[in-house]
Amino acid sequence: MPKDIKTVRKCLFPAAGYGTRFLPATKAIPKEMLPVLTKPLLQYGVEEAISAGLDTMAIVTGRGKRAIEDHFDISYELEHQIKGTSKEHYLTEIRKVITSCTFSYTRQIEMKGLGHAILCGETLIGNEPFAVILADDLCDNEGGDSVLAQMVALYEKYKCSIVAVEEIPMQDSNKYGVIAGEEIEKGIVRVTDMVEKPEPADAPSNLAIIGRYILTPDIFDIIRETKPGKGGEIQITDALLAQAKKGNVIAYKFKGKRFDCGSVDGFVEATNYFYNKVK
Ligand code: G1P
């Protein structure tokens, strides 16, 4: 990859997880394809990446995830059936997505954690900064720039890895990567510590990482060296701590709303929110 690529063009979507919390729905359907209203979670993520100016989607899938590839492709039969009918507008959004970016895929063969999933994507990313979206964290910009667009703008200034964070109730710290650091600008923290899913007593703050990252490509070598951590998995939080120790990670308190669509409660909340928005 040419050395002069300094801007963020690519977005990696780890999408190999089993989605056990949504069984039996996720037995044959990838959890990333569960719809909030009529749109799959992953499409919301891709649209957010496009809104941030990214045009290359790199998706790390696994077994049983073929519906994802079919979704971001043309269905000739469907196109043929509804062309010229009153139903054609239902395809407008997805057509726009398909024509405004490219999709590439690789498989994570074994589930060894988020860090490992990101490392699997190295072949699609190469040696350039990239974004990561965890599609089950669904974000809404409430009219402003999308969360990823806000982060890309920040990357232009800081040129280092960035994690999106939000304040959480202390008792929820064991669901997230939690950071600590020093506020260098309003809403921007230079990270000095980060811990994956600490118990409340061990959490360094109430600032939790949500599923939006911008990573510099040296992260791949760091992940390769990262030992399994919480849950015996290779954690991106642990790899990022190595960058943070060199002062190369900032946390950003994003503007907007985020729903944890990896949980049934969050999914229902998101569905109600988006329904009320479009109603
Ligand atoms: C992952 C990360 C965690 C982060 C969270 C955001 O955890 O490991 O650090 O806070 O995503 O959603 P997961 O939710 O995949 O268990």
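The values are calculated or read from the model by the stated rules, or taken from the named source; none is laboratory data. Computed from a prediction, not measured in an experiment: that's the story for all the values here. No Cβ is skipped: glycine too gets one built from the backbone with ideal geometry, and neighbour counts run over all protein chains shown.
Cβ-Cβ under 9 Å, sequence separation 6+ or interchain: first residue in region 235-254 and acidic (Asp, Glu), partner buried (at least 22 other Cβ atoms within 10 Å of the Cβ) and assigned to a helix (DSSP H, G or I). Which pairs?
Asp238/Gly115; Asp238/Ile223
Kindly indicate whether Leu91 is in a helix (DSSP H, G or I), modelled with pLDDT under 95 and surrounded by 16 or more Cβ atoms within 10 Å (Cβ to Cβ).
For Leu91, the condition - in a helix (DSSP H, G or I), modelled with pLDDT under 95 and surrounded by 16 or more Cβ atoms within 10 Å (Cβ to Cβ) - is met.
I need the full set of residues from region 140-149 which are within 14 Å of the chain's Cα centre (by Cα) and surrounded by fewer than 24 Cβ atoms within 10 Å (Cβ to Cβ), in order please.
Once the filter is applied, which keeps residues that are within 14 Å of the chain's Cα centre (by Cα) and surrounded by fewer than 24 Cβ atoms within 10 Å (Cβ to Cβ), region 140-149 yields Asp140, Ser146, Ala149.
So which of Ile214, Ile188, Ile209, Ile222 is crowded, with 16+ Cβ neighbours inside 10 Å, modelled with pLDDT of 95 or more, within 21 Å of Asp136 (Cβ to Cβ) and away from the ligand (no atom under 13 Å from the Cβ)?
Ile214
Among the residues of region 43-88, which ones are loosely packed, with under 12 Cβ neighbours inside 10 Å and within 27 Å of Leu23 (Cα to Cα)?
Correct list: Arg63, Arg66, Asp70, Asp73.
Answer yes or no as to whether Val178 is more than 19 Å from Arg9 (Cβ to Cβ), near the ligand (Cβ under 10 Å from one of its atoms) and either assigned to a strand (DSSP E or B) or of a type in the set (Val, Ile, Thr) (or both).
yes
Determine whether region 65-84 contains at least one residue that is at pLDDT 95 or above and within 29 Å of Thr237 (Cα to Cα).
yes
Looking at Tyr155 and the list (1) aromatic (Phe, Trp, Tyr); (2) within 13 Å of the ligand (Cβ to nearest atom); (3) farther than 24 Å from Thr61 by Cβ, which single condition is not satisfied?
Answer for Tyr155: the failing condition is (2).
Mind checking which helices (runs of 4 or more DSSP H) fall wholly inside region 106-171 and carry at least 2 residues that are within 29 Å of Ile184 (Cα to Cα)?
114-120, 147-158
When only residues in region 191-206 that are more than 10 Å from the ligand (Cβ to nearest atom) and buried (at least 22 other Cβ atoms within 10 Å of the Cβ) count, which is nearest to the chain's Cα centre (by Cα)?
Val191
Test Gly84 against the criterion of being part of a loop (DSSP other than H, G, I, E, B), in contact (Cβ under 8 Å) with a residue 12 or more places away in the chain and out of contact with any strand residue (DSSP E or B) (no Cβ under 9 Å at 6 or more places or on another chain), and give yes or no.
In short, no.
Pull out all pairs, ordered by first then second residue, where Cβ-Cβ is under 7 Å, the residues are six or more apart or on different chains, the first lies in region 142-171 and is over 12 Å from Ala52 (Cα atoms), and the second is surrounded by 22 or more Cβ atoms within 10 Å (Cβ to Cβ) and small (Gly, Ala, Ser).
Qualifying pairs under 7 Å: Val163/Ala251; Val165/Ala208; Val165/Ala251; Glu166/Ala208; Ile168/Ala208; Met170/Ala203.
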